[in-house]
1. Being part of a helix (DSSP H, G or I) and within 16 Å of the ligand (Cβ to nearest atom) is the filter; apply it to region 163-185 and report the residue that is surrounded by the most Cβ atoms within 10 Å (Cβ to Cβ).
2. May I ask you to list the residues in region 58-85 that are open to solvent by 20 Å² or more (accessible area, probe 1.4 Å) and more than 14 Å from the ligand (Cβ to nearest atom)?
3. Hey, can you tell me all the residues within region 86-114 that are more than 16 Å from the ligand (Cβ to nearest atom) and open to solvent by less than 10 Å² (accessible area, probe 1.4 Å)?
4. Go through region 129-162 and give me each residue that's within 16 Å of the ligand (Cβ to nearest atom) and under 20 Å from V229 (Cβ atoms).
5. Of the residues A242, A283, A227, which is open to solvent by 30 Å² or more (accessible area, probe 1.4 Å) and free of Cβ contacts under 8 Å to residues at least 60 places away in the same chain?
6. Looking at V220, V229 in this structure, which one is in a helix (DSSP H, G or I) and of a type outside the set (F, W, Y)?
Amino acid sequence: MVSTTSSLGETLPVLGATRHGADGTVGAALLSSAGVVEATYFKVDQDAAIARGRLDRERVCISCTGGGCGMGCVTFCETGQNAPTGQCTVADMLGQVLAIREIVAAERATAGERDSLPPWGVTFAGMGEPGTNLAAVIPAIETFLSPDWSSVVDQVSLSTIGLVDKMRELTRAMRRRKLPLRLYYSAHGFGNRTDIIPMNAHHPLREGLVALHEHARYTVGEFGIKAAVSYLLLHGVNDDIAIVDQLAEELDPAYIDVQILMKNRTEHTPDLRTDDATADRWAARFAELGFRSWVTRSSGRDEDTRVGCGQMSAAHGGDHVAVSGRRLLPVSWPAAGAAG
Ligand code: SF4
């Protein structure tokens, strides 16, 4: 039995709406102490994973701020279009995993599946930049990786746009506690990264990559776990194949893997989707240069049920209040279980 949050004196988030992708992806919008948060469960087709040569972990992606995010990556991120309404507590983060696990368990029971759910990977890659909320993110990681939670969570990863001082603070905290956190750094652009991730003006790519390698030296040394660079391809903006070699110059394949991301169509960001062939060329070129690389393209991307970060809120169509050119999210949601 996992420890819940009564000892923290914090309230668990309340489930609002759910959405289901044709590929088994489940999105959940919850009302937390920080406002609306979204969590997404990614089902894994293990036969396909084995065919690719590895067993993938089922995982859930959680949010660490409510409502939106103040980092302003508006070119590609639906969450970045929304004003943040607050920072999640530890209970808000743990509760996202428990809530979505309950949904998936109930669905499996209804389908007659008797096996208990395996432990999942948890990734901090939903709404909000984790570096802005380390006071809650670090104890949440610690809890997820504690023995009490081992039947629920067995891996934790975190995605950051690279607030360099916060990356180093996180690495120090993981070192102190000897925790195997896999770190993903959003590179998304090379010469023009500031256009895509405005915070790059204050936390430049090269400094972020130095901090990423520092983290990876710790996790490879202690656990054999590499860090990773994530690169979201935006058609005509940052997908010139020549960038691969430039970026690879900054990376050591002994410590860093490369994840190529493809963009979903979203409600409020430009349609800059790259084609599959371009993504495959990028991954193949990184592989030629000695990196373990792969393309993430499928989960939750089908047109009717897009459940990526911030997309449920964007598609909800509730009354949005304009604040500083962005939108505040509605606080009322359809009943749990209602498809958006
Ligand atoms: S990409 Fe991450 S940091 Fe940037 S706006 Fe979206 S949630 Fe915030």
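1. Within region 163-185, the subset part of a helix (DSSP H, G or I) is 164-177.
If we keep only those that are within 16 Å of the ligand (Cβ to nearest atom) as well, we get 164-167, 170.
Working: V164: 20, D165: 11, K166: 19, M167: 25, L170: 23.
Restricting to residues being part of a helix (DSSP H, G or I) and within 16 Å of the ligand (Cβ to nearest atom), the top hit is M167.
2. E58, R59 - these are the residues of region 58-85 that are open to solvent by 20 Å² or more (accessible area, probe 1.4 Å) and more than 14 Å from the ligand (Cβ to nearest atom).
3. Of everything in region 86-114, those that are more than 16 Å from the ligand (Cβ to nearest atom) and open to solvent by less than 10 Å² (accessible area, probe 1.4 Å) turn out to be A91, L94, G95, V97, I100, V104.
4. Within region 129-162, E129, P130, G131, S157, L158, S159, T160, I161, G162 meet the criteria.
5. Values: A283 fails: open to solvent by 30 Å² or more (accessible area, probe 1.4 Å); A227 fails: open to solvent by 30 Å² or more (accessible area, probe 1.4 Å).
Of A242, A283, A227, the one residue that is open to solvent by 30 Å² or more (accessible area, probe 1.4 Å) and free of Cβ contacts under 8 Å to residues at least 60 places away in the same chain is A242.
6. None of the other options fit; the residue is V220.
The values are calculated or read from the model by the stated rules, or taken from the named source; none is laboratory data. No experiment lies behind these values; they were computed from the predicted model shown. All Cβ positions, glycine included, derive from the backbone under ideal geometry; neighbour counts span all protein chains shown. The area values use the complete protein model at the heavy-atom level, side chains included, leaving out ligands, DNA and RNA. Shrake-Rupley method; radii C 1.70, N 1.55, O 1.52, S 1.80 Å.
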